[in-house]
Amino acid sequence: MPEADDNGQKNYHLDIPMKNPEYGLRGSSAYDWGMSNRLARVFNPDTGRTLMLAIDHGYFQGPTTGLERIDVDILPLAPYADALMLTRGILRSTVPPTYQKSIVMRASGGPSILKELSNEEIAVDIEDALRMNVSALAVQVFIGGEYETKSINNMTRLVDMGLRYGMPVMAVTAVGRDMERNAKYFRLACRICAELGAQFVKTYYVPEDFETVTASCPVPIVMAGGKKLPELDALKMAHNACQQGAAGVDMGRNIFQSDAPEAMIAAVRRVVHENWNPAEALEFYETLKSEGAEKKDKAPSK
Ligand code: R5P
C-alpha cells in the first residue's frame, strides 16, 4: 500500500534552506554534473588538488627509462596517485580493471621522436574513452610550434566531444626545444588553452612569476614534472608550484626515475595534499627509502 502523505511523521526541515551542492574547483561552477563528477575523481575534493602519475611517455618515445615494465615497476606506485596519466594501450594491456582511482587518458599522438613532434592528431575516440571509463582526456598543445593551429584544433575538437558526454579535457602545453620557458610564454599558452575550452591545463613550473601563470588561467593548472632532478629539487618545485596556485602535479620521471620511486611518490603526495615543506618531505623520502620498499606508507588517506 502506498505511503499516506498525512501520517504526521515526515520531517521537511523547514528551518534549513536547501543547499546547492558545490564542488568549488576553479572555473567549474557552470559544468554539468557528469563533468564535475569526473573532475572530482581527478582533483581530490578535500584538498582541491591532484597527484597524477604521468606514465604516457611511450606514446612518442617508446620504452622510456623506468617504464620498461609498467606491470613490475609502476603498478606498485598507483595506490599513491589520484590519477594515472597513460595511453589506452597500457591501460588495457597492463592496468587491472579493478583499479579504483582515476585515469587521465593520453588522447593525442602520431609523430615519434624521429619526426616533428607538434604534428599530432587526435588518437582516441570519445566513445572509446567512455568505454574505458576514463576521467579526463589529455591533449598536447604546441603554442608557437610548427603545427600550432593543428594541435589547437585537436584540443577544441576533443573539448567539443567531451562537452557532449561530460568528459573533461586537460591541455598539455608542450614547449619546443629552442623555445624559452618563462612565465610570459606559459601565461600565453595556458590562457589560450583555457579560453578555447580546456577544463584544466598541465604546464611547467618556472621559478619567476609562476603565480601570474596560475592567476591568469581561469581553470586549474597542474604542474608538469619534466626531466629528472635531484629529489629535493623536485620536491621544492612541487611545493612552490602548489603554494603559487597550482592545483597539484602531474609528474613522471621525477617519480619513476627516482632511486626509490615509492618513497618519492609518497613524499610528493604529502607536499601536494598536506602542504609539507620540501625539507620535511625529503626526510620522509629518505626514511622510507632506507626502510626499503616493503615498509611502505600504504593507502594514503587524502
Ligand atoms: C609529454 O609532454 C607527456 O605528457 C609526457 O609523456 C609526460 O607526461 C611527461 O612527464 P614528466 O615530464 O613528468 O616525465
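Out of the residues in region 127-156 that are in contact with a strand residue (DSSP E or B) (Cβ under 8 Å, 6 or more places away or on another chain) and closer than 21 Å to Trp33 by Cα, which is surrounded by the fewest Cβ atoms within 10 Å (Cβ to Cβ)?
For region 127-156, the residue satisfying everything is Asn133.
Quick one: His273 ticks every box in (1) in contact (Cβ under 8 Å) with a residue 60 or more places away in the chain; (2) crowded, with 23+ Cβ neighbours inside 10 Å except a single one, so which number is it?
Of the numbered conditions (1) in contact (Cβ under 8 Å) with a residue 60 or more places away in the chain; (2) crowded, with 23+ Cβ neighbours inside 10 Å, the odd one out for His273 is (2).
Select the helices (runs of 4 or more DSSP H) contained entirely in region 49-115, then report the ones holding at least 3 residues which are in contact with a strand residue (DSSP E or B) (Cβ under 9 Å, 6 or more places away or on another chain).
Here the list reads 58-61, 88-94.
Are any residues in region 65-107 within 20 Å of Gly226 (Cβ to Cβ), touching a residue at least 40 places away in the same chain (Cβ under 8 Å) and hydroxyl-bearing (Ser, Thr, Tyr), and if so, which ones?
Selection gives Thr65, Tyr80.
Could you please find all residues in region 215-248 being closer than 16 Å to Ala81 by Cα and among the β-branched types (Val, Ile, Thr)?
Val222 - this is the single residue of region 215-248 that is closer than 16 Å to Ala81 by Cα and among the β-branched types (Val, Ile, Thr).
If I go through region 125-162 residue by residue, how many of them are under 20 Å from Val222 (Cβ atoms), touching a Phe, Trp or Tyr at 6+ places or on another chain (Cβ under 9 Å) and away from the ligand (no atom under 15 Å from the Cβ)?
2
Just for region 231-252: of the residues that are assigned to a loop (DSSP other than H, G, I, E, B) and either within 15 Å of the ligand (Cβ to nearest atom) or aliphatic (A, V, I, L, M) (or both), which one is nearest to the chain's Cα centre (by Cα)?
Per the stated criteria, the residue is Ala247.
So, Gln100, is that one within 28 Å of His273 (Cβ to Cβ), of a type in the set (S, T, N, Q) and modelled with pLDDT under 95 or not?
yes
Looking at (1) surrounded by fewer than 18 Cβ atoms within 10 Å (Cβ to Cβ); (2) away from the ligand (no atom under 13 Å from the Cβ), which is the one condition that is false for Gly62?
The one condition Gly62 does not meet is (2).
Please specify each residue of region 157-185 satisfying the condition of being modelled with pLDDT of 95 or more and farther than 23 Å from Val249 by Cα.
Within region 157-185, Arg157, Asp160, Met161, Leu163, Arg164, Tyr165 meet the criteria.
Listed residues Val271, Val219; which is part of a loop (DSSP other than H, G, I, E, B) and among the β-branched types (Val, Ile, Thr)?
Sole residue among the options that is part of a loop (DSSP other than H, G, I, E, B) and among the β-branched types (Val, Ile, Thr): Val219.
If you scan region 22-47, which residues turn out to be in contact with a Phe, Trp or Tyr (Cβ under 9 Å, 6 or more places away or on another chain), of a type outside the set (S, T, N, Q) and not in a helix (DSSP H, G or I)?
Answer for region 22-47, where residues must be in contact with a Phe, Trp or Tyr (Cβ under 9 Å, 6 or more places away or on another chain), of a type outside the set (S, T, N, Q) and not in a helix (DSSP H, G or I): Tyr23, Leu25, Arg26, Gly27, Tyr31, Phe43, Pro45.
All but one of (1) buried (at least 24 other Cβ atoms within 10 Å of the Cβ); (2) in contact with a Lys or Arg (Cβ under 8 Å, 6 or more places away or on another chain); (3) touching a residue at least 40 places away in the same chain (Cβ under 8 Å) hold for Cys193, so report the exception by its number.
Checking Cys193 against (1) buried (at least 24 other Cβ atoms within 10 Å of the Cβ); (2) in contact with a Lys or Arg (Cβ under 8 Å, 6 or more places away or on another chain); (3) touching a residue at least 40 places away in the same chain (Cβ under 8 Å), the one that fails is (2).
Among the residues of region 262-302, which ones are at pLDDT below 95 and within 17 Å of the chain's Cα centre (by Cα)?
Matches in region 262-302: Lys302 only.
The values are calculated or read from the model by the stated rules, or taken from the named source; none is laboratory data. Since the model is a prediction, treat every value here as computed from it, not as a measurement. Ideal geometry is used to build each Cβ from the backbone, glycine not excepted, and the neighbour counts take in all protein chains shown.
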